[in-house]
1. Which translational diffusion coefficient, to the nearest whole µm²/s, is obtained for the chain from the Stokes-Einstein equation, given a Kirkwood hydrodynamic radius over C-alpha pairs, 4 °C and 1.567 mPa s?
2. Determine the gain in length on full extension of the stretch Thr136-Ser33; use 0.36 nm per residue of separation and subtract their C-alpha separation, reporting nm with one decimal.
3. Can you give the helix-only mean residue ellipticity at 222 nm for the chain, where every DSSP H stretch with n ≥ 4 adds -39500 (n - 2.57) and the sum goes over all residues, rounded to the nearest 500 deg cm²/dmol?
4. For every other residue with a beta carbon closer than 13 angstrom to the beta carbon of Leu150, add +1 if it is Lys or Arg and -1 if Asp or Glu, then tell me the sum.
5. Sorting check: for 138-149, 26-37, which peptide has the highest mean count of neighbouring beta carbons within 10 Å, and how do the rest follow?
6. Just order 121-129, 93-101, 4-12 by mean Cβ neighbour count inside 10 Å, highest at the front, would you?
7. Find out how many positive minus negative residues lie around Pro137, taking Lys and Arg as positive, Asp and Glu as negative, among other residues whose Cβ is under 10 Å from that of Pro137.
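Throughout, read-outs are computed from the coordinates displayed, never taken from laboratory work. Just so we're clear, the structure is a prediction, and the values are computed from it rather than from any experiment. Cβ atoms come from the backbone with ideal geometry, glycine included; neighbour counts cover every protein chain shown.
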Amino acid sequence: MACGSFRRGKATCGDVDVLISHPDGKSHRGVFSKVLHILHESSFLTDDLVSHEENGEQKKYMGVCCLPGPGQRHRRLDIIVVPYSEFACSLMYFTGSAHFNRSMRALAKTKNMSLSEHSLNKDVVRRGSLKVHGGTPLPTRTEKDVFNLLGIPYRRPHERD
């Protein structure tokens, strides 16, 4: 799924963020290298910036692609493969905006929760600014679940600037 400013409906996009997962919770494994291989072989990917960055079970590629069509425009491309259990929080995080993400994390903190691209956790224990217990992940199958658990109305992507 395309994320970032594209998903938020912006008129222009400086880069492209693509999120990949699968509802069965397993099929995302092994797809990362296959997708990159196909995109390299087709010459869609022109430059690798960071070819493989792992964050837990998430895998991220950062590079440059050449868009099809006239002009041969190049764009920054991030491809992120995530386990389905993290999909909703990842989708919200990579859709952004950065200001929206900071606001949502700050709101979670006021409720003794923690929000990241991996999960929304409850019962988080902090001593000052130090997190001493990461809490327990809450079930978040959709972005709407995250909003509901935080006690606020859902905002569609184009409303998140």
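1. Once the numbers are plugged in, D ends up at 77 µm²/s.
2. Computed gain between Thr136 and Ser33 is 34.0 nm.
3. -8000 deg cm²/dmol
4. Here the count lands on +4.
5. Those peptides, ordered most packed to least, come out 138-149, 26-37.
6. Going by the mean number of other Cβ atoms within 10 Å, highest first, we get 93-101, 4-12, 121-129.
7. Computed value for this residue: 0.
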